[in-house]
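Some notes on the structure that comes next.
Read the figures in this text as sums done on the coordinates, not as results from a lab. Being a predicted model, the structure only gives us computed values, none of them experimental. Here the Cβ is made from the backbone with ideal geometry for all residues, glycine too, and neighbour counts use every protein chain on show.
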Amino acid sequence: MKENEIQDELTSIRSLMERSSKFISLSGLSGVLAGIYALIGAALGYKIIYGSGGFFSYREYVMADVNRQPMSLYTLILIALAVLVASIVTGVVLTFRKAKKKGQPVWGNTSRQLLFNMAVPLFTGGALMLVLINRGYFGVVASASLIFYGLALVNASIFTFKDVRYLGICDIFLGLLAGLLPGYGLLFWAIGFGVLHIVYGSIMYLKYDR
């Protein structure tokens with residue numbers, strides 16, 4: 001067997017091993033749409049939290065006003081849940097479509113491991129956020145959401161594209177900044193879940209979906 005043929009065989013084997021150990025059906029377009037949903041949610045949240053005031057002014061006291069107005073708090077929670085559900089549904093639909101197009105299985109050992117590694121930090125972070133909201137610590141809720149979401153992505157990146165890890169690290173960094181500047185939590189949340197998702201999704205689409 002010629003050297004070129006051996007090299008081709010090794011390349012094919014490595015490709016098969018990569019496909020069996022990595023979940024590669026994630027859709028870049030779903031990341032773009034999730035980012036758009038997040039920006040829409042942030043815009044709605046802005047109207048509730050800041051009203052007609054300046055976005056970049058330090059407005060931690062506004063959160064105290066939200067705490068005294070339960071309807072505003074419930075509206076913010078509903079907006080966040082709507083963004084989450086829309087992102088999940090879009091991600092599932094587009095992932096199934098991409099997998100079907102490429103003839104790849106969606107549900108298997110690798111996808112189960114990916115979901116488990118994402119679920120632990122996400123559910124932990126969600127529980128902590130409920131505690132923070134119940135205690136009235138609204139200023140660090142955005143920080144907690146970004147940090148635990150970033151940890152979930154880094155955890156899950158072992159079983160999918162390495163690009164997911166970079167998004168997770170960026171979200172963790174933004175979450176730490178949001179913790180230092182709680183008055184700007186909505187801004188960091190919009191960047192982390194909105195802008196970064198659009199950038200990440202665009203890169204994923206150009207690299208893997210075309």
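Which of the peptides 142-150, 174-182 is most tightly packed, and how do the rest follow, judged by the mean count of other Cβ atoms within 10 Å per residue?
Averaged packing, sorted descending, gives the order 142-150, 174-182.
Stick to the Cα atoms of the stretch 139-210, pair each with every other, and give me the Kirkwood hydrodynamic radius in Å at one decimal.
Taking every pair of different Cα atoms in the stretch 139-210, averaging 1/r and inverting gives 12.2 Å.
Given an 8 Å cut-off on Cα distances and at least 6 residues of separation, report the relative contact order of the stretch 105-198 as a percent.
This gives 29 percent for the stretch 105-198.
How do 193-202, 75-84 rank on mean C-beta neighbours within 10 Å, highest first?
193-202, 75-84
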